[in-house]
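Participant: Following this message is one structure expressed as structure tokens.
The values are calculated or read from the model by the stated rules, or taken from the named source; none is laboratory data. All of these numbers come straight from a predicted model, not from anything done at the bench. Here the Cβ positions follow ideal geometry from the backbone for every residue, glycine too, while neighbour counts run over all protein chains shown.
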């Protein structure tokens, strides 16, 4: 495991802790609601979040791929912003999966000085083959640990979950994604040299390298976006996420045209926030037809994106 304070890696927490445990994929509004409840623990306890560095469903073979709703640095920063004093990143291995609920509580007590445990409203952890979750109250009492069960956070009558957010991304409903996350969904990567086709059409693009991202990609399409380069200035953009069939390109790309911008972005890291999906990617018979469609898309971007 690796334990972080707000200032960097530490060996152990400075005092007793109130702990909550989970994957916290995306650190969405439901997770932030849970962290607010962690803040109601006794004031003399440090707030510590144990977050798993791998999805249990992936490690246990229940899911074939592992894509996240945030990247590692973003994940940690969001947990601290939500009120955590410490973040413990724990790899989810077969050994961890084999621990019973009471084993885990004893480990948290001895290694992280846990004196209070906040459980999610539907949380039930520990090995299913050694299931002793129902014995947690007795075990906690013997160790001097208080237990708290969190309350759910609902939007439109249903609790927020990472799977619900993934469904909105798969549908390209990035405005709904932002509502559930509490912030726009974003992808980040270095600006690379592209094919130069956009420039010939009058729509030069920044080509974002997504090769290193662990994040789930929204549905392919054309999007209105806000983009942030090295200077931190938000700029309205129009993004193509996916292939470029008009030019015979089948590999998925993220190409962003910044409105009213002229400058050199090569080598910079750019963060692209998705505001609204405009349309599917279309094969045009010629570049002129594509150019006309892009002009229509551009006008929608101006209307949809907040003025920086």
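Participant: Does residue 144 qualify as being loosely packed, with under 14 Cβ neighbours inside 10 Å, modelled with pLDDT under 95 and more than 14 Å from the chain's Cα centre (by Cα)?
Facilitator: no
Participant: Inspect the stretch 192-202 for any residue being in a strand (DSSP E or B), modelled with pLDDT under 95 and in contact with a strand residue (DSSP E or B) (Cβ under 9 Å, 6 or more places away or on another chain) and give the result as yes or no.
Facilitator: Among the residues of the stretch 192-202, at least one is in a strand (DSSP E or B), modelled with pLDDT under 95 and in contact with a strand residue (DSSP E or B) (Cβ under 9 Å, 6 or more places away or on another chain), which makes the answer yes.
Participant: Check whether at least one residue in the stretch 80-90 is in a helix (DSSP H, G or I) and at pLDDT 90 or above, and report yes or no.
Facilitator: Let us first name the residues in the stretch 80-90 that are in a helix (DSSP H, G or I), namely 80-81.
Then keep just the ones that are at pLDDT 90 or above; that gives 80-81.
Looking through the stretch 80-90, at least one residue is in a helix (DSSP H, G or I) and at pLDDT 90 or above.
Participant: What's the number of the only condition in (1) in contact with a helix residue (DSSP H, G or I) (Cβ under 9 Å, 6 or more places away or on another chain); (2) within 17 Å of residue 18 (Cα to Cα); (3) not in a strand (DSSP E or B) that residue 96 fails to meet?
Facilitator: Just one mismatch for residue 96, condition (2).
Participant: Filter the stretch 80-111 down to the residues that are touching a strand residue (DSSP E or B) at 6+ places or on another chain (Cβ under 6 Å) and under 23 Å from residue 134 (Cβ atoms), then identify the one that is surrounded by the fewest Cβ atoms within 10 Å (Cβ to Cβ).
Facilitator: Once the filter is applied, the top-ranked residue is 92.
Participant: Give the stretch 147-168 a look and list any residue that's touching a strand residue (DSSP E or B) at 6+ places or on another chain (Cβ under 9 Å) and either closer than 14 Å to residue 274 by Cβ or without any contact (Cβ under 8 Å) to a residue 60 or more places away in the chain (or both), or say none.
Facilitator: If the condition is that a residue be touching a strand residue (DSSP E or B) at 6+ places or on another chain (Cβ under 9 Å) and either closer than 14 Å to residue 274 by Cβ or without any contact (Cβ under 8 Å) to a residue 60 or more places away in the chain (or both), then 147, 149, 164 are the ones that fit.
Participant: Given the condition under 13 Å from the mean Cα position of the chain (by Cα), at pLDDT 95 or above and surrounded by fewer than 19 Cβ atoms within 10 Å (Cβ to Cβ), answer yes or no: does some residue in the stretch 31-53 qualify?
Facilitator: no
Participant: Within the stretch 115-123, is even one residue under 30 Å from residue 277 (Cα atoms) and either surrounded by 15 or more Cβ atoms within 10 Å (Cβ to Cβ) or at pLDDT below 95 (or both)?
Facilitator: No, the stretch 115-123 has no match at all.
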